[in-house]
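The values are calculated or read from the model by the stated rules, or taken from the named source; none is laboratory data. All figures in this text were calculated on a predicted structure; none of them were measured in a lab. Here the Cβ positions follow ideal geometry from the backbone for every residue, glycine too, while neighbour counts run over all protein chains shown. In case anyone asks, the SASA skips ligands and DNA or RNA and just uses the protein heavy atoms, side chains included. Shrake-Rupley method; radii C 1.70, N 1.55, O 1.52, S 1.80 Å.
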Amino acid sequence: MSTLLFQLVLKQWDKSQRQPEQQTAIASQAIIYPINSQPEFMLFEKPCVLDQHALDFAQEPLEDISAELLSSKDAGRAISKTFLKDGRAKLDRFIISHSAQEFHLAYEDEEGIVTEIGNLENGWIQAKYEWRYRVEKNNEIFWQYEEVILNAALVDTVNADAFLQQPPALVFNACQL
């Protein structure tokens with residue numbers, strides 16, 4: 001039986017880290033990792049793996065950041081997982097649908113506009129977007145910036161190197177819409 005494989009990578013930084021050298025350090029970090037999770041639930045009658053990694057760049061110096069140090073289950077922030085009324089599933093801003101024997105991936109922006117990305121049967125997909133949100137901490141309010149990367153695949157066998165063995169068949173960047 002095939003398995004749905006989703007790997008979320010969150011890169012997080014605050015407003016003070018928008019200088020070119022800091023953005024270069026953030027951009028240079030990996031966005032694909034070995035899968036460290038096993039199937040946890042069923043989605044469209046398929047086992048589903050959700051593997052999450054977070055890189056918090058509020059730590060200095062940026063060169064010392066280690067993905068292994070900052071990666072764990074539910075790392076970064078809680079990711080919204082819901083079923084929509086029409087039977088589709090939503091993982092953060094990404095929508096997964098199933099029709100016939102095909103699994104489709106789409107992206108929904110902040111205004112609710114849905115963009116179709118691709119079919120998971122045609123190879124794995126890498127999709128990303130950036131956003132910012134308000135955070136209140138110690139009675140201070142600041143902007144948290146985040147790049148969200150979703151690596152998604154339909155695989156016959158769960159393999160730790162599923163996303164590392166070959167490049168994505170499709171790359172989607174919501175910032176380029």
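Per-structure values
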item	result
Cross-link pairs K46/K81; K90/K128; K11/K46; K46/K90 - those with Cα-Cα distance over 18 Å	K11/K46
Average accessible surface area per residue within the chain, 1.4 Å rolling probe, Å²	55
Dipole-positive endmost among Q7, N139, G112 within the chain (Cβ charges, Cα centre)	G112
Accessible surface of the chain [probe 1.4 Å, protein heavy atoms]: carbon and sulfur percent	48
Sites N122 and S80, calculated FRET efficiency, Cβ-Cβ separation with R0 25 Å, nearest 0.05	0.40
Value of [θ]222 nm, deg cm²/dmol, for the chain, DSSP H segments ≥ 4, -39500 (n - 2.57) each, nearest 500	-1500 deg cm²/dmol
Whole-Hz ³J(HN,Hα) from phi, Karplus 6.51 cos²θ - 1.76 cosθ + 1.60, for the stretch 97-105, glycine and proline x	10, 9, 9, 6, 10, 10, 10, 10, 10
Gain upon complete extension [F44, A30; 0.36 nm per residue less C-alpha separation]	2.0 nm
For the chain: relative contact order, % (alpha-carbon pairs under 8 angstrom, 6 or more apart)	28
Read-out Kirkwood radius over Cα pairs in Å, derived from the coordinates shown; its label in (i) 17.1; (ii) 16.3; (iii) 23.4	(i)
